[in-house]
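**Q** Let me give you the structure first, and then I'll get to my questions.
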Amino acid sequence: MKKTNQIDETPTTDVTPALRWSQERRLQFIDFRLQWGGKLNRADLTRFFQISVPQASTDIRQYIERAPGNLAYDRSSRVYAATPAFSPLFETSGADQYMTQLLALEQQTLAPMQSFVEMHPALLASVDLPSRRIDEQALKMLLRAISEQGKVNVGYQSIARDEPLLRDISPHAFGHDGMRWHVRAYCHRRNGFRDFVLGRILTVELLGASDIKARDDLEWHTMIELQLTPDPELSESQRRGVELDYGMENGQIALVCRQAMLFYTVRALNLELDGQPRPQQRQLAIANLEEIRRYLPTFGQR
């Protein structure tokens with residue numbers, strides 16, 4: 001067999017082989033690397049996906065068929081380079097996806113071989129916040145209850161009470177408020193759907209089937225649209241800065257969230273703090289505040 005003149009095309013053996021990666025995923029990889037690295041060769045594919053050189057060649061040909069103007073072979077450097085006319089083929093090559101992967105790599109919640117990012121800034125930092133406790137066994141039991149439409153008895157430490165309280169709940173979903181995880185569940189003691197912070201759940205005991213249906217959680221299934229604008233108390237140049245930052249069109253952007261998450265969304269936007277901070281801290285205002293005010297849930301003590 002004639003030996004082909006390739007460079008660095010032999011798969012390395014220092015990584016765990018990926019399991020049955022689809023060609024669509026490999027095409028996304030090609031697209032991502034061209035978008036953010038500007039170049040790619042077969043070795044990139046063989047190393048990352050642990051596939052053969054012929055398979056890598058087939059993938060590149062398939063990509064060229066689908067996006068013929070996106071890359072060209074550079075014989076001097078023997079790589080495929082993104083052309084000046086390059087346009088991403090997949091949404092997974094977007095800036096948000098890149099920065100999300102970059103953050104996950106920095107926080108070590110994503111392993112390098114799970115990310116398409118190759119080159120990234122040498123100096124990278126994120127705000128390091130205290131981790132919130134999640135008990136693995138409790139999470140497993142809650143996931144089982146959700147899967148089986150079951151009811152559980154939990155020991156829950158509310159900040160409003162000195163002693164933990166036992167209560168029966170029927171969980172159906174999880175929510176994240178930007179800082180911590182909640183389980184959304186029907187509380188049989190309070191006769192209504194509530195949020196329970198995962199880190200405050202001390203014990204979980206399966207009780208069997210529940211007659212509560214997830215579809216009955218109207219606040220969870222009701223979607224609310226917030227119309228956000230720059231705070232009117234900001235100067236014209238400050239408002240323009242906010243518009244650019246949030247990608248607003250005509251000075252406004254729509255944000256859709258579940259009614260059950262509305263309280264957390266408004267709080268995260270720094271719009272409901274007592275004593276209202278300065279406009280420079282607040283930055284945003286809700287244009288349709290009166291419309292959505294009726295949806296703001298009342299959070300009683302659990």
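**Q** Taking the Cα centre of the chain as the origin and placing charges on Cβ (Lys, Arg +1; Asp, Glu -1), which of M261, G199, A43 is farthest toward the positive end of the dipole?
**A** A43
**Q** Using packing as a proxy for protection, rank 99-105, 41-47 so that the peptide with the highest average count of other Cβ atoms within 10 Å comes first.
**A** Values: 99-105: 15.6, 41-47: 21.3.
Highest mean packing first, the order is 41-47, 99-105.
**Q** List, in order, the whole-Hz ³J(HN,Hα) value for each residue of the stretch 210-225 obtained from phi through the Karplus relation with A = 6.51, B = -1.76, C = 1.60 and θ = phi - 60°; use x for Gly and Pro.
**A** So the Karplus estimates, Gly and Pro as x, are 10, 8, 7, 9, 4, 5, 7, 7, 5, 5, 5, 8, 8, 9, 10, 10 Hz.
**Q** Out of [x] 167; [y] 152; [z] 215, which label holds the value of volume of the Cα convex hull per residue in Å³ that was computed here?
**A** The listed entry that was calculated here is [z].
**Q** Given the peptides 126-136, 284-294, arrange them by the average over their residues of other C-beta atoms within 10 Å, most packed first. Numbers along the way, then the final one.
**A** On the way: 126-136: 9.3, 284-294: 14.2.
In descending order of packing, they fall as 284-294, 126-136.
**Q** Could you sort the peptides 234-244, 157-167 by per-residue average Cβ neighbour count (10 Å cutoff), highest mean leading? Don't skip to the end; give the middle numbers.
**A** Values: 234-244: 14.0, 157-167: 12.2.
Taking the mean over residues of other Cβ atoms within 10 Å, the ranking is 234-244, 157-167.
**Q** Assuming a viscosity of 0.890 mPa s and a temperature of 25 °C, what translational diffusion coefficient in µm² per second does Stokes-Einstein assign to the stretch 222-293, Rh being the Kirkwood radius over Cα pairs? Walk me through the numbers before you get to the answer.
**A** On the way: Rh = 12.5 Å.
The diffusion coefficient I find is 196 µm²/s.
**Q** Give, rounded to the nearest 20 debye, the magnitude of the charge dipole that the chain has about its Cα centre when Lys and Arg contribute +1 at Cβ and Asp and Glu contribute -1 at Cβ.
**A** Values: 37 positive and 38 negative charges, 161 e Å.
That gives a dipole near 780 debye.
**Q** Just for the Cα atoms in the stretch 104-193, what are the lengths along the principal axes, largest first, rounded to whole Å?
**A** Answer, in whole Å and largest first: 53, 32, 21 Å.
Values in this text are rule-based calculations from the coordinates and carry no lab data. Small disclaimer: the values here were computed from a predicted structure and weren't measured. FYI the Cβ positions are ideal-geometry reconstructions off the backbone, even for glycines, and counts take in every protein chain you see.
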